[in-house]
Amino acid sequence: MKTNKIIVGLFFLPMFGLLSCNPQEEITPQHKIIQQAIFASGHLEQENEYIISATADGTIRELSIHEGDYISKGQLLVRIDSDISNTQLQEAQIVYNDAKQNSSADAPQLEQIKSQINQSKAQLNLDKINYQRYVDLRKKNSVSQLEYERAELQYKASQNNLQVLEKSYKQAQDALQLNADRSLQQVKTQQAILNDYSIQADNGGIVLEVLKKKGELVRKGEVIAKIGSGKNILKLFIAEDDIAKLSIGQEVIVQMNNYPDTTFTASVTKILPAFDETEQSFTAEATFVNPPQLLLSGTQLQANIKQQGTKKVLVIPSAAVIRGKYVQLKNGGEKEIKTGQKSGNWVEVKQGLTEKDIILLPKGKHTEQGVAMPGAE
């Protein structure tokens with residue numbers, strides 16, 4: 001027999017007796033010796049996987065990726081319709097350009113104040129000359145005290161007026177610059193919003209799945225695609241009562257849905273410490289010793305993690321199990337069972353059946369031929 005059949009390494013089974021020639025085969029559970037193993041379901045995934053999700057509401061305008069494409073970090077993957085944001089950015093840019101022009105040195109408002117400052121400086125210069133002349137005349141007693149004081153008051157008033165105008169210029173300049181800065185910030189804000197409509201790759205990798213199409217409406221947060229990179233790993237879900245039996249380096253016999261008649265060897269590489277509430281199990285990871293040629297992320301798999309020793313258990317063909325936990329009895333009813341270790345075409349029955357029960361295989365299902373093993377009891 002081929003050693004890559006999972007039943008060779010784990011089960012020692014004779015052919016189940018055919019009890020009837022009816023379209024539905026009648027079988028009876030039997031106790032057989034099997035190598036002890038921990039059963040785990042799971043799937044294949046890449047070491048580093050992340051999702052691309054919509055960062056804004058809208059319609060997908062560009063979608064430049066397909067399953068199997070290799071992408072690089074920073075590559076544009078998706079562009080969402082952003083007419084409103086484009087308009088808002090253009091309006092913000094117009095406001096900023098106007099504000100920037102108004103804050104320049106030759107802006108009309110500032111030019112007007114500068115003109116007033118120049119006039120005030122000229123007037124101050126005249127009033128200063130006149131005041132100094134009155135100082136000299138007063139020393140000679142050629143003008144009255146009142147005329148002298150008037151000249152002095154006019155000179156001081158011109159000084160104050162110039163100071164007010166210079167302060168007004170600085171305040172206007174600061175206000176206009178602040179308005180320009182605020183307008184620039186608004187441009188940056190609108191640009192950031194617009195950037196949300198263009199989605200780039202966080203890291204390089206391969207496109208595993210594309211969930212949306214060009215022209216499709218998306219909401220913020222909706223998943224558009226899944227990207228993966230790194231080596232392939234087996235994600236295994238382990239029952240609570242089995243997790244303590246696991247250790248790093250244990251051999252794993254794996255059967256994948258896309259290779260139904262072949263088994264592969266892997267090794268346990270990681271045992272995660274936290275309980276997975278979603279899967280209601282603990283999680284372990286394994287890597288292939290000799291991986292198959294075709295590895296597809298998301299492929300469902302079943303695995304048996306080898307343990308020391310053998311045990312005698314009750315087994316039935318896995319094809320007899322309906323909806324994961326029922327079998328059809330000969331009398332026409334269904335009975336719920338608790339299954340255990342699985343391997344290839346066979347499954348252990350922990351509760352619900354005895355060797356005296358007669359069950360039926362679903363229509364179209366048949367027991368496998370040629371599965372008798374040496375040493376079976």
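The values are calculated or read from the model by the stated rules, or taken from the named source; none is laboratory data. Nothing here was measured: the structure is a model prediction, and the numbers come from that model. So basically every Cβ, Gly included, is an ideal-geometry build from the backbone, and we count neighbours across all protein chains shown. Side chains included, ligands, DNA and RNA excluded: accessible areas come from the protein's heavy atoms. Shrake-Rupley method; radii C 1.70, N 1.55, O 1.52, S 1.80 Å.
Yes/no matrix, rows are residues, columns are (1) at pLDDT 90 or above; (2) on the phi < 0 side of the Ramachandran plot; (3) of a type in the set (A, V, I, L, M, F, W, C):
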| residue | (1), (2), (3) |
| --- | --- |
| THR189 | no, yes, no |
| ASN195 | no, yes, no |
| ILE206 | no, yes, yes |
| VAL223 | yes, yes, yes |
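Just one of LEU137, LEU124 is touching a residue at least 12 places away in the same chain (Cβ under 8 Å), open to solvent by less than 80 Å² (accessible area, probe 1.4 Å) and of a type outside the set (Asp, Glu); which is it?
LEU124
The rows are residues; the columns are (1) closer than 23 Å to ASN345 by Cα; (2) in contact with a Lys or Arg (Cβ under 6 Å, 6 or more places away or on another chain).
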residue: THR265; (1), (2): yes, no
residue: ALA274; (1), (2): no, no
residue: PRO291; (1), (2): yes, no
residue: GLN302; (1), (2): yes, yes
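Failed condition for LEU296, given (1) closer than 21 Å to LYS365 by Cβ; (2) open to solvent by 40 Å² or more (accessible area, probe 1.4 Å), with all others met?
Tallying (1) closer than 21 Å to LYS365 by Cβ; (2) open to solvent by 40 Å² or more (accessible area, probe 1.4 Å), LEU296 fails exactly one: (1).
Looking at the structure I just gave you, is GLY205 farther than 15 Å from GLN93 by Cβ, surrounded by 13 or more Cβ atoms within 10 Å (Cβ to Cβ) and in contact (Cβ under 8 Å) with a residue 24 or more places away in the chain?
When the stated conditions are applied, GLY205 passes them.
Spot the failing condition for ALA266; the list is (1) within 30 Å of GLN75 (Cα to Cα); (2) touching a Phe, Trp or Tyr at 6+ places or on another chain (Cβ under 8 Å); (3) at pLDDT 90 or above; (4) of a type in the set (A, V, I, L, M), and only one is missed.
With respect to (1) within 30 Å of GLN75 (Cα to Cα); (2) touching a Phe, Trp or Tyr at 6+ places or on another chain (Cβ under 8 Å); (3) at pLDDT 90 or above; (4) of a type in the set (A, V, I, L, M), ALA266 is out only on (1).
Quick one: which residue in LEU217, LEU236 is out of contact with any helix residue (DSSP H, G or I) (no Cβ under 9 Å at 6 or more places or on another chain) and open to solvent by less than 50 Å² (accessible area, probe 1.4 Å)?
After ruling out the rest, the residue left standing is LEU236.
Among the polar types (S, T, N, Q), modelled with pLDDT of 85 or more and under 43 Å from the mean Cα position of the chain (by Cα): is that true of THR299 in this structure?
Answer is yes for this residue.
When THR278 is evaluated against the numbered criteria (1) under 28 Å from GLY249 (Cβ atoms); (2) open to solvent by 40 Å² or more (accessible area, probe 1.4 Å); (3) touching a strand residue (DSSP E or B) at 6+ places or on another chain (Cβ under 7 Å), which criterion, by number, is the only one it fails?
(3)
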